[in-house]
Amino acid sequence: MNKEVVLSGIRPTGFLHLGNYFGAMRNYVRMQDNFNCYFFVANWHSLTTHPDTKELQNSVHRVIAENIACGLNPDKVALYVQSDVPEIAELYLYLSMLAYKGELEKTTTFKDKARLQPDNINAGLLTYPVLMASDILVHRAVKVPVGKDQEQHLEMARNFAERFNYRYGPVFPTPQAFNFGNELIKIMSLDGNGKMSKSENQMATLYLADDNDIIRKKIMKAKTDSGPTTSNSIKPDYIENLFTLMKLVSNEDVYTKFNEDFNNCIIRYGDMKKQLAEDMVAFISPIREKAADIQSNKELLTTIIHQGKEKARYSASATLTEVRKSIGMNY
Ligand code: ADP
Ligand code: TRP
């Protein structure tokens with residue numbers, strides 16, 4: 001039986017963090033055996049908001065290295081860089097003739113980003129969803145593991161696919177956002193303000209590249225309070241977040257002990273954070289070290305990126321042959 005095609009992308013706009021790990025990369029790793037997976041670094045997309053490319057190559061290498069360090073196997077999946085696959089750009093051109101100015105202007109992410117960069121509302125930003133649809137449709141992917149914020153883009157990708165099929169003939173399946181397992185994990189930032197993120201709230205976000213002392217420092221500074229005064233209270237969200245992290249990286253009996261202490265109003269947050277900090281160090285440090293090893297081995301990186309490009313272009317060029325045939329542009 002043919003395996004279903006899965007695709008997802010990460011923009012190389014900063015350091016990957018615990019939210020990316022538990023919200024995205026862990027799911028990629030879990031899918032690699034049972035699906036035909038394409039995972040890529042969306043470096044064209046990053047130009048829509050980050051035109052300065054001084055750090056770009058480094059960031060692309062780091063995203064590749066960190067994905068492998070987290071368990072993604074480049075022999076099992078196609079792990080590639082978007083700009084290595086020119087077929088995506090060609091498909092983007094065809095799809096852009098099927099995308100309307102009005103719908104692009106109404107996209108939430110466009111409106112948000114336009115507000116953040118009023119001096120650089122470029123056409124790439126406006127057509128971001130068209131490029132994203134091309135990323136997906138170029139491999140005729142059906143499952144796209146992404147967070148909730150990307151659902152509107154997925155809906156647009158389905159619309160573009162359907163318009164293409166209606167006008168030129170059935171080439172594309174309609175892709176769906178996919179959530180592996182039922183839990184959608186959201187990792188809040190350690191100061192209780194919003195979520196961990198690549199570029200905001202850096203002292204309250206745990207990055208996969210953080211060294212052990214920084215990890216300890218960030219966790220010891222995490223927001224807490226004086227503790228509950230009635231037993232079995234509901235946890236405030238910043239406390240719940242510490243328990244979420246503990247559940248993800250500590251032993252079950254450690255979690256149970258602190259949870260009982262909370263319910264019995266005898267919790268000492270200092271002790272809890274000390275324990276969490278050590279468990280977090282044990283969790284992050286092997287990933288950081290493995291990623292650093294890969295990142296410093298340029299020859300290995302080049303081989304992996306080249307291998308990914310070959311796999312991606314093999315699939316993408318087959319789709320483009322179909323696309324050109326359907327449009328009638330096969331001379
Ligand atoms: P960021 O906000 O850090 O730039 P992205 O928007 O590029 O992250 O998201 C990449 C992937 O990581 C998405 O699938 C998203 O759902 C997931 N993700 C990002 N931040 C978190 C978080 N704090 N908790 C859970 N998942 C997250
Ligand atoms: N827009 C996605 C984000 O900001 C990144 C992305 C680009 C993507 N192309 C994609 C995700 C294709 C899934 C499929 O997170």
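The values are calculated or read from the model by the stated rules, or taken from the named source; none is laboratory data. For clarity, every value in this text was computed on a predicted model and none was experimentally measured. All Cβ positions, glycine included, derive from the backbone under ideal geometry; neighbour counts span all protein chains shown. Accessible surface areas use protein heavy atoms only, side chains included; no ligands, DNA or RNA. Shrake-Rupley method; radii C 1.70, N 1.55, O 1.52, S 1.80 Å.
Side notes on the structure shown:
- Nearest-ten-degree value, helix 128-137 long axis tilted from longest Cα axis of the chain: 80 degrees
- Among 71, 227, 308: highest mean-square fluctuation, GNM of the chain, C-alpha pairs under 10 Å: 227
- Every Cα-Cα pair of the range 29-141 was included, and the share exceeding 23 Å stands at 39 percent.
- In terms of overall dimensions, the C-alpha atoms belonging to the range 130-181 reach 35, 17, 14 Å along their principal axes, ordered largest to smallest.
- For the chain: accessible area per residue (Å², 1.4 Å): 49 Å²
- Within the accessible area of the range 1-131 (1.4 Å probe), percent carbon and sulfur: 53 percent
- Semi-axis lengths, Å, the range 78-222, gyration tensor of Cα atoms, sqrt of 5 times eigenvalues: 34, 18, 15
- Charges were assigned to the Cβ only: +1 to each Lys and Arg, -1 to each Asp and Glu. The resulting dipole of the range 1-160 about its Cα centre is roughly 320 debye.
- Cα-only radius of gyration and Dmax that characterise the range 210-291, units Å: 13.1, 45
- Convex hull projection area averaged over all views, the range 163-301, Cα basis, nm²: 13.3 nm²
- Peptide packing for 162-174, 276-288 was compared via the average number of neighbouring C-beta atoms within 10 Å per residue; ordered from the highest value, the list is 276-288, 162-174.
- Entry note, the chain: the mean residue ellipticity at 222 nm calculated from DSSP H runs of n ≥ 4, each adding -39500 (n - 2.57), is -16500 deg cm²/dmol after division by the residues and rounding to the nearest 500.
- Projected onto planes of every orientation and averaged, the convex hull of the alpha-carbon atoms in the chain covers 19.1 nm².
- The range 210-291 - percent of accessible surface contributed by carbon and sulfur, probe 1.4 Å: 47 percent
- Per-residue HN-Hα couplings for the range 149-165 [Karplus 6.51, -1.76, 1.60; θ = phi - 60°; Hz; x = Gly/Pro]: 4, 9, 4, 5, 4, 5, 5, 5, 4, 5, 4, 5, 4, 5, 4, 4, 4
- Compactness relative to 2.2 N^0.38 Å, alpha carbon Rg of the range 1-79: 1.13
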